[in-house]
Amino acid sequence: MTTKDKYKLADRALEHALNNGASQARVIINNSQNNSISVREKKIENLEKSIENGLSIFLYVDNKYSVHSTNRLDKWKELAKFIEEAIEGTRYLSEDKYRKLPDASLYYKGGGPELKIFDEEYESIDPQQKIDLAFGIENEVAGKDERIVSVTSSYDDGMSGMVMVTSNGFRGDRTSTYYNLSASVSVKQRDARPGEGWFDNAVFYKTLKHDGIGREALERALRKLGQSKIESGNMPMLIENRLAGQCLSPLIRALSGAAIQQKNSFLVDMLDKKVGSPRLTLIDDPFIESGRGSRLFDSEGMATKKRKIFENGILRSYYLDTYYAGKLDMEPTGGSTTNLVLNKGGRNIDELIASLDRGIFVTGFNGGNSNGSTGDFSYGIEGFLVEKGKIVKPVSEMNITGNFLELYKNLAEVGNDAYEDSAWRTPSLLFDDVSFSGK
Amino acid sequence: MNLNRRNFLKTGTAAAAGAVLIPPLVQSCNNLKISTNVKDYLNHFEVSRAALNKVISVAMAKGGDYADLFFEHKISNNIGLQDGKVNSASSKIDYGVGIRVLKGDQTGFAYSESLDMQSMLDAARLAASIADEPNTFKKDIFNEKVPADYYNIEKNWEDVSVKDKVPFVQKINDRIFSLDEKVIKVNAFLSDESSYVLFYNSDGRISYDYRPMASFGAVCIMQKGRQVENFYSARSYRKGFEWLTEDLVEELAVEVTQRTNTLFDATKPKAGEMPVVLGAGGSGILLHEAIGHTFEADFNRKGTSIFSDKMGKKVAENFINIIDDGTLENNRGALNIDDEGNDVKKTCLVKDGVLNSYIHDRISSAHYGVDPTGNGRRESFRHIPLPRMSSTYMEPGPHTREEILAEVDYGVYVDNFSNGQVKIGAGDFTFFVKSGYLVEKGKMTRPVKDINIIGNGPQALADVVMAANDYKTDNGTWVCGKGGQSVPVTMGLPTVLVKGLTVGGLNA
């Protein structure tokens, strides 16, 4: 579907909803394409292609609210009936005065910066080149070490587009592309067959890294051989940049309007209060060029803004959509993260490792969870024991356990190595005094 | 590979704080209800046998060994309650056909959301391109495979008005508030799904299924002084509207309230290795993570599972029998026919302590030269089938729960979990304990909560030293994730004792 076709269908659905009893409505038309190629043992293992389209309609009927989606877009008669039934069904719900579209003054109205999140070349890339890229990654490592038991490498790309219209005047669209190359390698020593993966991704085909991914995956798998648990104890924990989001997401979840308003958050009533160490400064920046989370308007159409979430450990902002902002009697800020940026420290990962007298460098998580109400957490980890600034041995089958409020008070250092190929641009993080359980 | 009990709820509430239905809100357009006639399914999808054959011929035209078509039409509805009122609803219609071509263990796959001939042929050509020797496929056979009947229901969800569902969600809220003054918030939901499936493959097998699913539950949030705690309880079955009763509301309301209450006194154990008593029921997560995923034959075929060379070997005590069973009546993990058109079975993975069978799909059963076990499952027509679990459980053992507890000097008893995960090759698996108890000198003493437990699969299996005679199935809203695909599963266990696992906790 072209963008023009999408607007046409969205407008028609919106008009139909308003003519059949909805007092307000928002319509989103999505479409996406994905290609996926994985290769193994010099053969293509999977070749997958998908093309999909969908319509979602958010209905506000006499202060009652519901949302519906369908991928059956080709017959208008069926779609019209779908909308009519949806409106009729909404009438049986309870009223909720906070359910309404955003105030039109908050909508994005154009004039934002060029975000560079769409590759015009997407449709014109030779399919054979994509297959060759995947084989190239496999060839880097296949047969390079007798301990290898399996190598799988993959190429993926995708394009997605959306158009959104609302009954109080918002019109906006967005398209984006991605490319991804990855490898996963399993190696064997006695019974254990540890596996590791590595990947690179890009918004533009021409900036996708073509080599080194297989070698990195192999190296990471090999260095895990012989991993074992060590004695329990409290130690500093250094988390690799790509993984640090795992420690950030419970914090972000606790800031969502739903969690705050439903009292299911350990950050209720903490606005403008000290939550973490002074090293915790976190910015939500929607305007980073080619940022994986960059956008000019949020999922309700509201113009995005760059804002401080934490400033020197002090909580500055929640993530509030129109509904929960209304319930909390606060101003909406946008209900979800865009790009997250932590204020950088001065050292990279090697320097941080060298600075540790004794601690654990975490390079993988394995399950675990946290309690949204209290901030208590416990996660499985693997990584390396560091002694006197040197990596000593691989560790696994251990847990870290604690509470996020205490953990962030113990944030000792932020690396200068932000991982920029992700919407959450996390650097390596060093926390003091973390409880590890092992032997 | 991971498992998440709340996954459903998280996605449900994140998208729309729940959803509802209407006078069924949405229905299928050619409502055929529950039919056992393949003709009705052909009519439902507006395709003819000749059309199916044509699409298969094009899928096979490049020299594939095998091709299949998986038509699916899924109608989902959800209603949600927050702040005392059933105030949100959602519905979703998903419709299309997945076309798969196999050449040896290579897979070509594409799908179409439109079932007009041109769209289906385009997808068939894409899938066909996994092979590259032009070939003429001329077969025009239809062997109807009558599916089993593991989820007979009385009242179809598509015929239930939103009006008739709302009162149950309202009641569970009101009942939870009436049970305890500490309750400050309740989030409740009811979701249902009706799925029509039509299957046809290049061997001429044609089959079909009508798959109902319903889930009902609530999160209870309580406050005592400054401390806030929450707990989630839910049930999920392939059952019809008749499943919703006052008794079910009462059972869930009482359970969620009691369990939230326990958390206020909970402590954390000492960090480190200790004996773990797994209570009957939800502790089946041990089997799912420690053993189930590592027995999935795709990992073993590629040599990436820690159990890759253990077939026929002794892996556990003699009294241990571990089953994967897709035939349990009305079970969330059951299927009348798997997503590759094969009979679903009861498969003994470990028999008398010996590794007896992997979990197979079509590709892996051909690789190992064994009969398919009926575990070829897919999230939807958009996904390729993989070997997946259905309901995974351990048969009762020779001991009693009391005997097991008496063995423990210091350890934990755990019976409520929120999620788990496993690293297939290293064998390290984890499960997150939402609540349990410390066991001191053979007695359950203080409650514990929010701790992760980690172990190594083969070691943990060998370390199951006692199993009781009190088997229970956990019928919660378990969702199993693998390769980006989610499928519904269940699990079960009698009370067992694992000699040593690493328990998350505090260091003195």
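Please treat every number below as a calculation from the coordinates, not as lab data. In this text the structure is predicted, and so the values were computed from the model without any measurement. Cβ: placed from backbone, ideal geometry, glycine included. Neighbour counts: every protein chain shown.
For trypsin sites (Lys or Arg not before Pro), the sites in the range B:289-367 that DSSP calls loop and that have at most 13 other Cβ atoms within 10 Å are B:K313.
The range A:227-439 gives an Rg/Rh value of 0.99, both radii derived from C-alpha positions and Rh following Kirkwood. Calculated mean residue ellipticity, 222 nm, the protein assembly as shown: -6000 deg cm²/dmol, from DSSP H runs (n ≥ 4) at -39500 (n - 2.57) each, averaged per residue and rounded to 500. Taking a Cβ cut-off of under 10 Å around A:I288, the surrounding Lys, Arg, Asp and Glu residues balance to a net charge of +1, with basic ones at +1 and acidic ones at -1. Principal axis extents of the C-alpha atoms in the range B:335-441 (largest first, rounded to whole Å): 52, 31, 30.
Every Cα-Cα pair in the range A:70-137 was counted, and those over 17 Å apart are 76% of them. Cβ crowding within 10 Å, taken as a proxy for footprinting-reagent exposure, orders B:T245, B:T490, B:T445, A:T363 from fewest neighbours to most as B:T245, B:T445, A:T363, B:T490.
The alpha-carbon of A:K130 sits under 16 angstrom from the alpha-carbons of these lysines, leaving out residues fewer than 8 places away in its chain: A:K42, A:K43, A:K49, A:K206, A:K209. Compared with the dominant principal axis of the Cα atoms in chain B, helix B:117-128 is inclined by about 70°. With neighbours defined as other Cβ atoms within 10 Å of a residue's Cβ, the residues A:R279, B:R100, A:R12 order from fewest to most as A:R12, A:R279, B:R100. Label sites at A:K8 and B:M117, each approximated as a point 7 angstrom past Cα along Cα to Cβ, lie 2.6 nm apart.
Per-residue mean of foreign Cβ neighbours for B:443-455 is 5 (Cβ atoms of other chains, 10 Å radius).
Specify whether the C-alpha gyration tensor of the protein assembly as shown places it in the rounded, prolate or oblate class, a ≥ b ≥ c being the square roots of the eigenvalues: rounded for a/c under 1.5, otherwise prolate if a/b is larger than b/c and oblate if not.
Values: a/c = 1.20, a/b = 1.09, b/c = 1.10.
Rounded, since a/c falls under 1.5.
Which FRET efficiency value, to the nearest 0.05, do you get for A:S249 and B:Y368 by plugging their Cβ-Cβ distance into 1/(1 + (r/R0)^6) with R0 = 51 Å? Given R0 = 51 Å and the Cβ-Cβ separation, E is 0.80.
Taking a temperature of 4 °C and a viscosity of 1.567 mPa s, what whole-number D in µm²/s does Stokes-Einstein yield for chain A with Rh from Kirkwood over alpha carbon pairs? Value of D from the Cα-based Kirkwood radius: 53 µm²/s. Shape class for the range A:288-337, computed from the alpha carbon gyration tensor (a ≥ b ≥ c): oblate, with a/c not under 1.5 and a/b at or below b/c.
The length gained by stretching the chain between A:D103 and A:S228 to full extension, at 0.36 nm per residue less their Cα-Cα distance, is 39.4 nm.
Counted by Cβ distance under 13 Å from B:G374, the other residues give a net charge of -3, where Lys and Arg count +1 and Asp and Glu count -1.
Site pair B:S161 and A:V268 shows an inter-label distance of 3.7 nm when each label is modelled 7 Å from Cα along Cα→Cβ. Within 10 Å of the Cβ of each residue in B:431-441, the mean number of Cβ atoms contributed by other protein chains is 2. The GluC sites (Glu not before Pro) of the range B:80-180 that meet both conditions, a loop assignment by DSSP and at most 16 other Cβ atoms within 10 Å of the site Cβ, are B:E154.
I want the local charge near B:I206. Using Cβ-Cβ distances under 9 Å, sum +1 for each Lys or Arg and -1 for each Asp or Glu among the other residues.
Details: positive: B:R49, B:K145, B:R205; negative: B:E144.
Spelling it out: positives minus negatives among the neighbours equals +2.
Extension gain, B:D132 to B:K443: 0.36 nm times the residue separation minus the Cα-Cα distance gives 105.3 nm.
Charge dipole (Cα centre; +1 on Lys/Arg Cβ, -1 on Asp/Glu Cβ; no other charges) of chain A amounts to roughly 500 debye. Length gained on full extension, A:N348 to A:L328: 3.1 nm, using 0.36 nm per residue less the C-alpha separation. Answer rounded, prolate or oblate for chain B, using the Cα gyration tensor with square roots of eigenvalues a ≥ b ≥ c: rounded when a/c is under 1.5, else prolate when a/b is larger than b/c, else oblate. Judged from the Cα gyration tensor, chain B comes out oblate (a/c at least 1.5, b/c at or above a/b). Ordering B:Y437, B:Y368 by the number of other Cβ atoms within 10 Å of each residue's own Cβ, fewest first, gives B:Y368, B:Y437. The trypsin sites (Lys or Arg not before Pro) found in the range A:186-274 that occupy coil by DSSP, while having at most 10 further C-beta atoms within 10 Å, are A:R190, A:K273.
What is the ratio of the Cα radius of gyration of the range B:272-503 to 2.2 N^0.38 Å, with N the residue count, to two decimals? It would help to have the intermediate numbers written out before the result.
Working: Rg = 16.9 Å, N = 232, 2.2 N^0.38 = 17.4 Å.
Relative to the rule-of-thumb radius for its length, the range B:272-503 sits at 0.97.
Need one value for A:359-370: mean number of C-beta atoms belonging to other chains within 10 Å of its residues' C-beta atoms. Let's see the in-between values first.
Details: counts 0, 0, 0, 0, 0, 3, 2, 12, 19, 13, 15, 4.
Mean shielding by partner chains, rounded to a whole number: 6.
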